[in-house]
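Working notes, structure below.
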Amino acid sequence: MAAIVPGDIHRSVEITSFTAKTGNDGQDYQVVMKNTGNVSADVDLKVRLKDMFGNEVYSNGGQQPVIANQSMQLNYEDSFRPFFGGMYVAQADIAYDKRAGTYGVADSSQLLRSKSQEILLFVWPSTWFFVTLGALLAGALSFLVWRKHEGRVAKKQATRALKKNSGPIMWEPYQVKNGDTLEIIARKYTISLSKLAQLNKLNAPYTLRPGERIYVPQKKR
């Protein structure tokens, strides 16, 4: 059985549409090819996703027969989700033998090639990224709550201790500055070094860091 093709025999396949989008579970791709020639063609189609450095992180496709004067639509999807997410580039490319009457794509010297436009995609981070981020935020929040609670407890303990030993003296927060030592602060607020260390739960050698907050006797206004 033979088919008679009027006029010159020729192949001409092009990508008429390429779309790529990111979803919650990965990326979706759609490719539409059209054979405007008058004979069928075996087309090697590839859909690729690359990072911003040109490294290929996903590829799919294969050889597809495209009928003369017909269009073909193909859909692909991937579940690629890098830990941090980021920007990626999606593109489709095709290759087919230009010789009418020859099928397959084995002879690379006879192939015609074409590419779609590049599509820039934001790929969402993996689930583990959000789990890790949530754990870090929860830890940071817990630490801040603990610090605030410890500050309140220290202030109450200092107030009770001074009321017991020195009368109703109130305490106030003090932020350690560069060059401060516990001895300097004790002299400044007229309190013994040992009592100031005890009420702030400090152990020898009483090392202080700039920006650290301790409690000192409230000065009379």
For Kirkwood radius over Cα pairs in Å, calculated from these coordinates, the label among (1) 24.1; (2) 18.4; (3) 20.0: (1)
Long-range amide H partners of THR16 with built H, under 5 Å: VAL32, MET33, LYS34
Residue exposure sequence - HIS10, HIS149 - by fewest surrounding Cβ within 10 Å: HIS149, HIS10
Under-5 Å amide H pairs with GLN64, H placed in peptide plane, nonlocal only: VAL43, ASP44, LEU45
Partner aspartates and glutamates for LYS46 [C-alpha distance under 18 Å; skip if fewer than 8 residues away on the same chain]: GLU14, ASP28, GLU56, GLU77, ASP78, ASP93, ASP97, ASP107, GLU118
Relative contact order, percent, the chain [alpha-carbon distance under 8 Å, six or more residues apart]: 16
Ranked ILE185, ILE119, criterion: other C-beta atoms within 10 Å, fewest first: ILE119, ILE185
Reach of LYS156 by Cα under 24 Å, taken over lysines that are not fewer than 8 positions away in the same chain: LYS148, LYS164, LYS177, LYS188, LYS195, LYS201, LYS219, LYS220
Whole-Hz ³J(HN,Hα) from phi, Karplus 6.51 cos²θ - 1.76 cosθ + 1.60, for the range 31-45, glycine and proline x: 10, 10, 10, 9, 9, 8, x, 10, 9, 5, 9, 7, 10, 8, 9
Theoretical ellipticity at 222 nm over the chain - DSSP helices of four or more residues, -39500 (n - 2.57) apiece, nearest 500: -8500 deg cm²/dmol
MET170 long-range amide H proximity, modeled H, under 5 Å: GLN218
Likely footprinting exposure, MET170, MET72, MET33, MET52, fewest C-beta neighbours within 10 Å first: MET52, MET170, MET72, MET33
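Every number here is computed from the coordinates shown, using simple stated rules; none is lab data. Predicted model only: the values in this text are computed from it and were never measured. Counting neighbours? That spans all protein chains shown, and the Cβs are built from the backbone with ideal geometry, glycine included.
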